[in-house]
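Q: Structure below; questions to follow.
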Amino acid sequence: MTGRKLLNGALTLVVLVAIIGLYRLTPTQKDIQDPTPVNGAVGRAADAGRFKLTVDAVRVGKTLKIPSSSPDRKTQTSFVVVDATVTATLEPIHLNWVRIRSADGISYLGANRSGLDRVDLTSFQFAPGIPARGSFVVEMPADKLPGATLQVMEKSIMNDLEPQVNVPLDVKAPEVSPVVTFTRVSAL
C-alpha cells in the first residue's frame, strides 16, 4: 500500500506541475493583441513586411522651422526630429502610429502641430517600391532621449499582431540646437 500511495502522490505532483506550467505558457490577452516587434538600428533598414524604415539621423531643437510656413513653432520641452527613409513594399500605405518610448517607459506621441500634418512622414502616402525621405517630429524632454526607442506602425487602431518597427535612437547626450529645420517629405 505504501508504494501505491507514494506513486499516487508523485503522479498528483506531476499533474499539478503540468497544470501550472501550461497556465504560465498560455498566451494572455495582451500577448494576443500586442503588435509584432521588428527591431532595427540607426542607419540600417528595418523590414516590417509591408514597409521598410531606415532612421538616418536624430536632431533636437527648442524651435521648429518648417520651410514655407510661419511662424516657427516653439516648445516648452524639445522637438525631436527623426530623419528617416521609408519604402512601401506591397501597396500604398500611410504610417499613422509614431512615438518615442523613453528608457523609463514613458511614450511620447508624434507632434500634432499646425502645418506638420501636410509635410511630415505621417501625412505622406508611400507608393510601393519608391523610397521617400522625410522626418517624424516628437515633442519630449531632451534629457529623456538617452536610451529611447522610435516605434512606428502603419495602423493607429486595430493593430493586433501588426508589425511595429522599434529602432533604438542611440543618443547619449543630445545636443539641443536653438532652431531645428524640418525636412519635408520627398520621393527619391
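Q: Just need a number here: residues in the range 115-127 that are out of contact with any Pro (no Cβ under 7 Å at 6 or more places or on another chain) and touching a residue at least 24 places away in the same chain (Cβ under 8 Å).
A: Result for the range 115-127: 8.
Q: Moving to a separate point now. If you check residue 62 against the conditions, is it charged (D, E, K, R), under 30 Å from residue 128 (Cβ atoms), in contact with a strand residue (DSSP E or B) (Cβ under 8 Å, 6 or more places away or on another chain) and open to solvent by 70 Å² or more (accessible area, probe 1.4 Å)?
A: no
Q: Shifting gears a bit: In the range 15-30, which residue that is assigned to a helix (DSSP H, G or I) and closer than 28 Å to residue 165 by Cβ is nearest to the chain's Cα centre (by Cα)?
A: Of everything passing the filter in the range 15-30, 30 is nearest to the chain's Cα centre (by Cα).
Q: Could you please find all residues in the range 87-97 being open to solvent by less than 40 Å² (accessible area, probe 1.4 Å) and either touching a helix residue (DSSP H, G or I) at 6+ places or on another chain (Cβ under 6 Å) or of a type in the set (Ser, Thr, Tyr) (or both)?
A: Answer for the range 87-97, where residues must be open to solvent by less than 40 Å² (accessible area, probe 1.4 Å) and either touching a helix residue (DSSP H, G or I) at 6+ places or on another chain (Cβ under 6 Å) or of a type in the set (Ser, Thr, Tyr) (or both): 87, 95.
Q: Give the residue that is most open to solvent (accessible area, probe 1.4 Å), with candidates limited to residues of the range 125-138 that are of a type in the set (A, V, I, L, M, F, W, C) and closer than 14 Å to residue 53 by Cα.
A: 130
Q: Hey, another quick one. Of the residues 56, 34, which single one is under 27 Å from residue 153 (Cα atoms) and open to solvent by 60 Å² or more (accessible area, probe 1.4 Å)?
A: 56
Q: Here is a follow-up. List, please: which pairs have Cβ atoms under 6 Å, are six or more places apart or on different chains, and start with a residue in the range 166-188 that is more than 25 Å from residue 129 (Cα to Cα) and open to solvent by 40 Å² or more (accessible area, probe 1.4 Å) and end with one that is aliphatic (A, V, I, L, M) and part of a strand (DSSP E or B)?
A: Close Cβ pairs satisfying both conditions: 176/60.
Q: Filtering the range 157-174 down to residues that are in contact with a Ser or Thr (Cβ under 7 Å, 6 or more places away or on another chain) and among the hydrophobic types (A, V, I, L, M, F, W, C), which residue is farthest from residue 147 (Cα to Cα)?
A: Ranking the qualifying residues of the range 157-174, first place goes to 161.
Q: If a residue has to be assigned to a loop (DSSP other than H, G, I, E, B) and without any contact (Cβ under 8 Å) to a residue 24 or more places away in the chain to count, how many in the range 31-44 make the cut?
A: Of the residues in that region, 1 qualify.
Q: Looking only at the range 58-101, how many residues end up being of a type in the set (A, V, I, L, M) and within 15 Å of residue 185 (Cβ to Cβ)?
A: So the count comes out to 9.
Q: What is the one condition in (1) closer than 23 Å to residue 164 by Cβ; (2) touching a strand residue (DSSP E or B) at 6+ places or on another chain (Cβ under 7 Å) that residue 33 does not satisfy?
A: Of (1) closer than 23 Å to residue 164 by Cβ; (2) touching a strand residue (DSSP E or B) at 6+ places or on another chain (Cβ under 7 Å), only one is false for residue 33: (2).
The values are calculated or read from the model by the stated rules, or taken from the named source; none is laboratory data. All values reported here derive from a predicted model rather than from experimental measurement. Counting neighbours? That spans all protein chains shown, and the Cβs are built from the backbone with ideal geometry, glycine included. Only protein heavy atoms, including side chains, enter the accessible area calculation; ligands, DNA and RNA are left aside. Shrake-Rupley method; radii C 1.70, N 1.55, O 1.52, S 1.80 Å.
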